[in-house]
Amino acid sequence: MPAPDPLYTVCDGHLCFDGADLVELAETRETPFFVFSERRLRVNVEALLGSFRSVHAATEVFYASKACSNLWFLGVVRDAGANVEVNAGGELDKALAAGFKPRQIVFNGVAKTKAEIERAVACGVRAFMVDSLHELGRIGEVAAALDEVATVAPRIDVHVPTMTHPGLETAHGGKAGIDRDDAVAAFRLAAGHPNLDPAGMHLHIGSQITSVEPYRQAVAAALDIVAEVEAAAGIRLRFLNAGGGFAVPYREAPVACHPSDYFCSLLGAADYAAVVGGELAARRPDLELFLEPGRSIAATTAVLVARVENEKTKGRRDADGRRIGDERWVTVDAGFNTLLEHTNYHWYYRTIVASRPGDEADAEFRLAGPLCDGGDVFAGDADSAYRWFPAATTVGDVVAFLDAGAYTLEMMNPYNARPTAAAFAVTAAGELVQIRRRDTADDLAAHDVVPGAR
Ligand SMILES: Cc1ncc(COP(=O)(O)O)c(C=O)c1O
């Protein structure tokens, strides 16, 4: 078994995660299910807070709850000392339900409704990250109607390229944020509005950014813009929100990474802190630093446990249809209904056959999900079409998908009327608790309305 992470061990011949025997759990619980680790979650939050504060003391982490907004998870994040970023009214409700105070919440998003803004102003969130001049006007109108002053931080597209997946890049043209040429207009508008307090500026360059260079460029560009808007609008900002995007090493313990391989990362919190915090500390030590990391807090906190339900051998054929070899397939009970990013971003999640962790992974398999789509086939190891599993892998084996804590519970769906998965957590005290229930058969039909039926 590869040893990617000390939380994974072998106990009684099975793969264990933070001490929980994944195969034993799969004997008494319906697969697929997730297992989270509270200890890992706390370590991830503390690493970010500690690394950044040692470079720039005035740093606050607003965990991006879009990565995982499970209420238990949010409670641990809060308890570990982070604040929270919400992207919609539903996330605001969940953050409040998890015990965050409104002053610990920033409201982001690229299409906030009037009703969402009303709720957020009324409850007194710390600040709005604002996506357009139109939205600034809308927040101003709502705040005026409620006789409140809303703190705002226009989100500026600093136009910095990254080498992440194109679908995850957010500050190089594209839909998010205000064009940098309109930054002065945005801050002037906010400064001239009696119900808006332009206290900060926001940027977010994307997700899974495996190099610090884009951050260096982005923060430098942002600080230039800060100086420009302060002079033009006659204001002094109090914070810079540098967003999230810190990468997770989805590939196995790498020794070197090609810059264009965004599943490979050698960076830790301290590397990002040195660049982002360092730039701020050098140029504008008076500005508070806000961060919005999601993936780097959530990804390594969970494993997805699935079971092999089908197997077959099919011909491998050349362009003329001639059989040139064999291909072994195994199909597990989790597909893009459970790990949506595996198809929408062709995400790579490492896998280990949890029921055979001691066996050498010496055979090639195509690994498929259970859905009816031909696209529900997992990417292979090392950019191939194949996973390396022990040759004896067969129906009934348990397969663990590693680093499955970010953007997974959030994106699950009941496609093919397959129940969304349950989730469990190993608490800091080593106890196993349930933190999400699996859909029931009734859940799957709960939203359907048959007109006229009683
Ligand atoms: C505005 C904003 N902030 C923060 C994040 C969190 O990014 P990540 O999960 O990569 O840290 C995202 C996601 O891309 C985002 O869109």
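The table below lists the values:
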{"read-out": "Neighbour net charge for R103 - beta-carbon separation under 11 angstrom, K R +1, D E -1", "value": "+1"}
{"read-out": "Computed over segment 305-346, Kirkwood Rh from alpha-carbon pairs, angstrom", "value": "12.3 Å"}
{"read-out": "Charge dipole magnitude, Cβ of K and R +1, D and E -1 - segment 252-395, Cα centre, debye nearest 20", "value": "340 debye"}
{"read-out": "Calculated FRET value between E213 and A47, using beta carbons and R₀ = 25 Å, to 0.05", "value": "0.70"}
{"read-out": "Accessible heavy-atom area order of Y407, Y415, highest first, probe of 1.4 Å", "value": "Y415, Y407"}
{"read-out": "Qualifying trypsin sites (Lys or Arg not before Pro) in segment 83-160, DSSP loop, other Cβ atoms within 10 Å at most 13", "value": "none"}
{"read-out": "Cysteines (scope the chain) whose Cβ has no counterpart Cys Cβ under 4.7 Å", "value": "C68, C123, C372"}
{"read-out": "Residue (of T427, A143, A385) at the positive-pole extreme of the chain, dipole from beta-carbon charges", "value": "A143"}
{"read-out": "Sites matching GluC sites (Glu not before Pro) across segment 1-85 that sit in DSSP coil, with at most 14 neighbouring C-beta atoms within 10 Å", "value": "E30"}
{"read-out": "Relative contact order %, segment 331-380, counting alpha carbon pairs below 8 Å whose residues are six or more apart", "value": "51 percent"}
{"read-out": "Accessible area (Å², per residue) of the chain, counting only protein heavy atoms and a probe of 1.4 Å", "value": "40 Å²"}
{"read-out": "Carbon plus sulfur fraction of accessible area for the chain, probe 1.4 Å, in percent", "value": "51 percent"}
{"read-out": "In order through segment 364-373: 3J(HN,Hα) via Karplus (6.51 cos²θ - 1.76 cosθ + 1.60), integer Hz, x for Gly, Pro", "value": "8, 9, 7, 10, 10, x, x, 7, 6, 7"}
{"read-out": "For segment 1-107, alpha-carbon Rg over 2.2 N^0.38 Å", "value": "1.29"}
{"read-out": "DSSP bridge orientation in the chain - percent antiparallel, rounded to nearest 5", "value": "50 percent"}
{"read-out": "Estimated Rh, the chain: Kirkwood, alpha-carbon pairs, angstrom", "value": "23.4 Å"}
{"read-out": "Inverse mean reciprocal Cα-Cα distance (Kirkwood Rh) of segment 108-293, Å", "value": "17.0 Å"}
{"read-out": "Full-extension gain in nm, D224 to E252, via 0.36 nm per residue minus C-alpha separation", "value": "6.2 nm"}
{"read-out": "E431-R236 FRET efficiency (beta carbon distance; Förster radius 60 Å; 0.05 resolution)", "value": "0.75"}
{"read-out": "Where a label projected 7 Å from the Cα of R316 along Cα→Cβ would reach, residues of segment 337-377 with amide N under 15 Å", "value": "362-367"}
{"read-out": "Distance between segment 276-355 and segment 156-178 - C-alpha centres, whole angstrom", "value": "22 Å"}
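The values are calculated or read from the model by the stated rules, or taken from the named source; none is laboratory data. Values in this document were obtained by computation on a predicted structure and should not be read as measured data. Cβ sites come from the backbone with ideal geometry, for glycine too, and all protein chains shown count toward neighbours. Heads up: the accessible areas ignore ligands, DNA and RNA and are worked out on the full protein's heavy atoms, side chains in. Shrake-Rupley method; radii C 1.70, N 1.55, O 1.52, S 1.80 Å.
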